[in-house]
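Worksheet: the structure to be examined is printed underneath.
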Amino acid sequence: MRHHSPSTTNRQRAPSKRAVQTKTRIFDAAEQLFAERNFEGASLRDIAAKADVPVALVSFHGGSKNALFHAVVERRADALSKLRLKRLTDLKTSGKPVTARNILECTLLPHLEKVIEDGPQWLAYVRLIAMVSADPRWHDISKACFDPTAAHFIDELSKIYPETDKTAIATSYVFSVSAMLSLCTSTWRISALSNDTSKADLAGMSANLIDFCAAGMHSVLRPK
């Protein structure tokens, strides 16, 4: 009887480069279509067509439509969480004062920078986050992918405003994240309302967003 060494078995089980590329193409297509058409408007057949693969491969790599949606949201959540928490750790060990504004920079800027640096795919992902955050039926996805990281930032804000009710702090946190998601997806709207396309720049407006959210947060959360 022939026995395989663990290393041989692991090599056999590892997905091929082609399989990894196919899965990435499917998930990218799903991310874009879910963002453009919402969950109901994007079929597995549409996703397969955009990824240029048979429908069976979409099911193979993503499972059911619900499972695929969950997997697509989950795919970038861990990397985003690590970026945000690293900034928070760096802030706390830097010797700088831990202010509400600094905490907002740690939680909001990684999203903005990913959209600025990596373009359409991360913009689609931000739209998915907004979708998940606004619809109670995706509560399980929010709970698994985003709530643990949000809890860290809410706890840090609670240390700055120890006399403030935690519900008010969580509300201010949600308001701030919602403003960031809105800015990522609505620079075109700002251009239309201001009749000026030169200033509706996501990179240039990031500091304004932090100022706006920090001022509003402090106004609501400071002891009266």
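Dipole magnitude for region 38-191: about 140 debye, using +1 per Lys or Arg Cβ and -1 per Asp or Glu Cβ, origin at the Cα centre.
Show which lysines lie in cross-link reach of Lys23 when reach means a straight Cα distance below 27 angstrom and same-chain residues fewer than eight apart are skipped. The reachable lysines, counting only those whose Cα sits under 27 Å from Lys23, are Lys50, Lys65, Lys82, Lys114, Lys143.
Taking label positions 7 Å along the Cα-Cβ direction at both Arg37 and Ala151, the computed distance is 3.7 nm, reported to one decimal.
For Ala14 and Asn66, a Förster radius of 30 Å and the Cβ-Cβ distance give a FRET efficiency of 0.65, rounded to the nearest 0.05. In plain terms, the chain from Arg45 to Met205 could stretch by 53.8 nm, reckoned as 0.36 nm per residue minus the Cα-Cα distance. Using only the Cα atoms of region 1-133, build the gyration tensor, take square roots of its eigenvalues as a ≥ b ≥ c, and label the shape rounded, prolate or oblate: rounded if a/c is under 1.5, else prolate if a/b is larger than b/c, else oblate. Cα axes put region 1-133 in the oblate bin.
Normalised by 2.2 N^0.38 Å, where N counts its residues, the alpha-carbon radius of gyration of region 119-160 equals 1.37. Comparing Ser182, Ala51, Ile129 along the charge dipole axis of the chain, the residue lying farthest to the positive side is Ala51, per the Cβ-charge model. Set the Cα radius of gyration of the chain against 2.2 N^0.38 Å, with N its number of residues, and you get 1.20. Considering only Ala150, Ala168, Ala100, the Gaussian network model of the chain with Cα springs below 10 Å gives its largest mean-square fluctuation to Ala168.
Cα convex hull, region 130-224: 115 Å³ per residue, rounded to a whole number.
The label-point distance for Ser191 and Ser219, in a model that sets each label 7 Å from Cα toward Cβ, rounds to 2.9 nm. Once the Kirkwood radius over Cα pairs is known for region 73-204, the Stokes-Einstein relation at 10 °C and 1.306 mPa s delivers a diffusion coefficient of 101 µm²/s. Computed over the chain, the per-residue total of -39500 (n - 2.57) for DSSP H runs of n ≥ 4 gives a 222 nm mean residue ellipticity of -26500 deg cm²/dmol, rounded to 500.
Each reported figure results from applying straightforward, stated rules to the coordinates on display, with no laboratory input. Bear in mind that the values here come from a model prediction, so they are computed numbers and not experimental data. Glycine gets a Cβ as well: all are built from the backbone with ideal geometry, and neighbour counts include every protein chain shown.
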